[in-house]
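S.K.: One structure, as structure tokens, below. Some questions next.
The values are calculated or read from the model by the stated rules, or taken from the named source; none is laboratory data. The shown structure was predicted, so the numbers you read here are calculated from the model rather than taken from an experiment. Note that each Cβ is placed from the backbone with ideal geometry, even for glycine, and that neighbours are counted across all protein chains shown.
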Amino acid sequence: MSNTNEYSEDLPPLRTEGRGRLDLIIEEVKTSEGKIKFRVTPDPRRYERVEADGEVCYIDRFTRVMFPIRLFQDAISTLPFYDLRPRIASTTDYAQERALAVEDELAGESLRSPSVEPARHREMQSKTTITSTPFLSLDICRSTELRRRDSASFDRAAEILLREMQILVGQFEATILKATGDGFIAYLPHPAFTRQCDLIVDLGTSMIRMARDSICPMLHASGLPRLDIRIGADYGEARFEQKTNAATGFTWPHVDSDALNLAVKIEQTARANSLRIGVALYGLLHVQWLERAALIPTEELPSSFNGYSVYEIN
């Protein structure tokens, strides 16, 4: 794997479905008469200042896109700002709380709810909608092998682990799309696509830490199998609709999305206790995540990816 934060004219810009983001440094410079003034500048961790044809421009070191400062100024004056953040203040503290709840549950006590209430699950709307959203696919590693060894113990451990991961989904304002055997797929519907993308990666890394460092060790200490998870995620357009079999009356939710399919394919390439993402999601992330991303060599991916770039978040 290799870091990709050095700009090169030999590399083409990343494609982000016509979307882009600006990572900013915001400083308060004056407060008076109930008004606050801020100084807003492009984040130097992400952008390099250059001049082109006598005009000040910035080059994004990660997506390799150059834009003039005037476009930056226009965007600041017209773009809306959204506040979308996790409900929990600290993944570490939350994971410790839930590990203790699991320990007590395994000792025969009643299950305790989290001290911070997660967002409630949201069912798909009955009407057809087309939107862009990030998808996250989680799976338990070696589940077939572990179930073959001791199905009762595995099923008990998997039930607890997946329940805690699903609760964590709600703590990040996301929702479950569907179960997938020994895992599930989640997504995060919201109009703020940059916050969507940042939160889905924050959720993925929080899942890895919580499972690896808190829940799975507690399960193993109680005599249950030691479990590992792997996660894939990507971003793109999706068509949500309800399908019906007219002959039987059976109705089911259906999602048509390349991003969803890619999230699952990417998850299947991930190592145990790791998060991998597609380039469409990568191109819309905050610089704090980009600095932690490493490009997976093409030769390590299945040929079906056809050169589609995949990154691992460390």
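S.K.: What are the residues in the range 38-93 that are touching a residue at least 24 places away in the same chain (Cβ under 8 Å), closer than 30 Å to residue 114 by Cα and of a type in the set (A, V, I, L, M), if any?
M.R.: Once the filter is applied, which keeps residues that are touching a residue at least 24 places away in the same chain (Cβ under 8 Å), closer than 30 Å to residue 114 by Cα and of a type in the set (A, V, I, L, M), the range 38-93 yields 84, 88.
S.K.: Which residue is farthest from residue 100 (Cα to Cα), if the candidates are limited to the range 184-194 and must be outside any loop (DSSP other than H, G, I, E, B) and under 10 Å from the mean Cα position of the chain (by Cα)?
M.R.: Out of the qualifying residues, it is 187.
S.K.: Does residue 293 satisfy being among the aliphatic types (A, V, I, L, M), within 30 Å of residue 128 (Cα to Cα) and either under 18 Å from the mean Cα position of the chain (by Cα) or not assigned by TED's automatic domain parsing to the domain that holds residue 164 (or both)?
M.R.: So residue 293 fails the test.
Here's the yes/no breakdown for (1) of a type in the set (Ser, Thr, Tyr); (2) farther than 26 Å from residue 124 by Cα; (3) in contact with a strand residue (DSSP E or B) (Cβ under 7 Å, 6 or more places away or on another chain):
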residue	(1), (2), (3)
247	no, no, no
251	yes, no, yes
254	no, no, yes
258	no, no, yes
263	no, no, yes
266	no, no, yes
273	no, yes, yes
277	no, no, yes
289	no, yes, yes
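S.K.: Shifting gears a bit: Could you tell me which residue of the range 40-64 is nearest to residue 24 (Cα to Cα), considering only residues that are of a type in the set (A, V, I, L, M) and surrounded by fewer than 15 Cβ atoms within 10 Å (Cβ to Cβ)?
M.R.: 40
S.K.: The conditions are (1) part of a loop (DSSP other than H, G, I, E, B); (2) assigned by TED's automatic domain parsing to the domain that holds residue 261; (3) of a type outside the set (D, E, K, R), and residue 86 fails exactly one of them. Which is it?
M.R.: Only one criterion in (1) part of a loop (DSSP other than H, G, I, E, B); (2) assigned by TED's automatic domain parsing to the domain that holds residue 261; (3) of a type outside the set (D, E, K, R) is unmet by residue 86, namely (2).
S.K.: Conditions first: (1) crowded, with 19+ Cβ neighbours inside 10 Å; (2) assigned to a loop (DSSP other than H, G, I, E, B); (3) not aromatic (Phe, Trp, Tyr). Residue 181 passes all but one, so which condition is the exception?
M.R.: (1)
S.K.: Here's a follow-up. Please enumerate the residues belonging to the range 249-280 that are hydrophobic (A, V, I, L, M, F, W, C), closer than 22 Å to residue 209 by Cα and not in a strand (DSSP E or B).
M.R.: Matches in the range 249-280: 263, 264, 266, 270, 272.
S.K.: Still on this model: Quick check on my filter: what residues within the range 66-93 are in contact with a Lys or Arg (Cβ under 6 Å, 6 or more places away or on another chain) and of a type outside the set (Ser, Thr, Tyr)?
M.R.: Within the range 66-93, 84 is the sole residue that qualifies.
S.K.: Within the range 199-215, track down each residue that is crowded, with 23+ Cβ neighbours inside 10 Å and either out of contact with any helix residue (DSSP H, G or I) (no Cβ under 6 Å at 6 or more places or on another chain) or part of a loop (DSSP other than H, G, I, E, B) (or both).
M.R.: Within the range 199-215, 200, 203, 204, 211 meet the criteria.
S.K.: Can you tell me which condition residue 105 does not meet? The list is (1) loosely packed, with under 13 Cβ neighbours inside 10 Å; (2) more than 23 Å from the chain's Cα centre (by Cα); (3) not assigned by TED's automatic domain parsing to the domain that holds residue 40, and all the others hold.
M.R.: In the conditions (1) loosely packed, with under 13 Cβ neighbours inside 10 Å; (2) more than 23 Å from the chain's Cα centre (by Cα); (3) not assigned by TED's automatic domain parsing to the domain that holds residue 40, residue 105 misses (1) alone.
S.K.: Can we say residue 235 is surrounded by 21 or more Cβ atoms within 10 Å (Cβ to Cβ) and of a type in the set (Phe, Trp, Tyr)? Before you say what the answer is, go through the steps one by one.
M.R.: Details: surrounded by 21 or more Cβ atoms within 10 Å (Cβ to Cβ): yes; of a type in the set (Phe, Trp, Tyr): yes.
Yes, satisfied.
S.K.: Any idea how many residues of the range 8-44 are at pLDDT below 80, hydroxyl-bearing (Ser, Thr, Tyr) and within 30 Å of the chain's Cα centre (by Cα)?
M.R.: The total comes to 2.
S.K.: Working carefully through the options 161, 146, 138, 227, find the one that is in a loop (DSSP other than H, G, I, E, B) and either closer than 25 Å to residue 106 by Cα or in contact with a Cys (Cβ under 6 Å, 6 or more places away or on another chain) (or both).
M.R.: When all the criteria are applied, what remains is 227.
S.K.: Does at least one position in the range 187-196 carry a residue that is touching a Pro at 6+ places or on another chain (Cβ under 8 Å), within 21 Å of residue 269 (Cβ to Cβ) and surrounded by 21 or more Cβ atoms within 10 Å (Cβ to Cβ)?
M.R.: So far as the range 187-196 goes, yes, one or more of its residues are touching a Pro at 6+ places or on another chain (Cβ under 8 Å), within 21 Å of residue 269 (Cβ to Cβ) and surrounded by 21 or more Cβ atoms within 10 Å (Cβ to Cβ).
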